[in-house]
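S.K.: For reference, the structure I am asking about is given below.
The values are calculated or read from the model by the stated rules, or taken from the named source; none is laboratory data. Keep in mind it's a predicted model, so treat the numbers as computed, not measured. Reconstructed Cβ throughout: ideal geometry from the backbone, glycine too, with neighbour counts over all protein chains shown.
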Amino acid sequence: MAALLLCVVSGCTTPPDLTPVPTVAPSPFICAGVSADSANLILGGEVKAVGPATSNPSFPYFECDITRSDGSGGQIRVIGLPAQNVGESDEAILAYMGGADVTSTITADAPGRGFSSYDSNEIDTVAGALWICDEFALRVRLQDVDVEGRDAETDSVNLLRSMLPWACGGEKVPPASF
């Protein structure tokens, strides 16, 4: 009874799910190849794709923007593009990642190389991960994602790893389920 009274007085909230973002993408997919369950974990609630995911079959480009369904909690942006748009040098990669410091390199069971970054300032907080393979690059960018107890940089890396089988491994991209 005391717990119920405390809940009513303090305002009951469900703590965020701190389950790690899977490195193997579970279905359903909110955009082609982007796990809705992983996005729910990262943003701390139900998610929606903002606008249609864009892609161009004659130019290897893909973009998917995801927010919480209630409009709170930041944004996930997944971008696939030609590797030449990123560049090969460390300086070019840093510039593409928005000037943020690359905090670590990423290892994965996929051809290519990867990087992660985290930058927080008075304007916004951005965590990201980038993988470059052959002629394709895949980027995950989390902006203003601040779910208590979650590590945005680790979440961005795990989401990126979950998409590498189709981004760089030759597997067919799972279609959006919504």
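S.K.: Please enumerate the residues belonging to region 10-43 that are surrounded by fewer than 18 Cβ atoms within 10 Å (Cβ to Cβ), among the small types (Gly, Ala, Ser) and assigned to a loop (DSSP other than H, G, I, E, B).
M.R.: Once the filter is applied, which keeps residues that are surrounded by fewer than 18 Cβ atoms within 10 Å (Cβ to Cβ), among the small types (Gly, Ala, Ser) and assigned to a loop (DSSP other than H, G, I, E, B), region 10-43 yields 11, 27.
A quick yes/no check of all residues on (1) charged (D, E, K, R); (2) modelled with pLDDT of 90 or more:
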| site | (1), (2) |
| --- | --- |
| 97 | no, no |
| 101 | yes, no |
| 110 | no, yes |
| 129 | no, yes |
| 134 | yes, no |
| 164 | no, yes |
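S.K.: Considering only strands (runs of 3 or more DSSP E) fully contained in region 85-178, which possess at least 3 residues that are within 16 Å of the chain's Cα centre (by Cα) and under 26 Å from residue 15 (Cα atoms)?
M.R.: Qualifying strands (runs of 3 or more DSSP E): 125-133, 136-143.
S.K.: Next question. For region 44-61, how many residues meet the condition of being crowded, with 17+ Cβ neighbours inside 10 Å and at pLDDT below 90?
M.R.: Residues in region 44-61 being crowded, with 17+ Cβ neighbours inside 10 Å and at pLDDT below 90: 1 in total.
S.K.: Restricting the search to region 117-135, which residues are buried (at least 17 other Cβ atoms within 10 Å of the Cβ) and among the aliphatic types (A, V, I, L, M)?
M.R.: Within region 117-135, 126, 127, 129, 130, 132 qualify.
S.K.: Now for a different question. With respect to the numbered conditions (1) under 25 Å from residue 44 (Cβ atoms); (2) buried (at least 19 other Cβ atoms within 10 Å of the Cβ), which one is the sole condition not fulfilled by residue 168?
M.R.: Here residue 168 clears every test but (1).
S.K.: Taking residue 71, is it assigned to a loop (DSSP other than H, G, I, E, B), under 19 Å from residue 178 (Cβ atoms) and either touching a strand residue (DSSP E or B) at 6+ places or on another chain (Cβ under 9 Å) or at pLDDT 80 or above (or both)?
M.R.: In short, yes.
S.K.: Here is a list: 12, 31, 7, 64. Which entry is at pLDDT 85 or above and either aromatic (Phe, Trp, Tyr) or out of contact with any Gly (no Cβ under 9 Å at 6 or more places or on another chain) (or both)?
M.R.: One residue alone meets the criteria, 31.
S.K.: List pairs: first in region 75-101 and surrounded by 12 or more Cβ atoms within 10 Å (Cβ to Cβ), second modelled with pLDDT under 75 and of a type in the set (Phe, Trp, Tyr), Cβ under 9 Å, 6+ apart or cross-chain?
M.R.: Close Cβ pairs satisfying both conditions: 81/59; 82/59.
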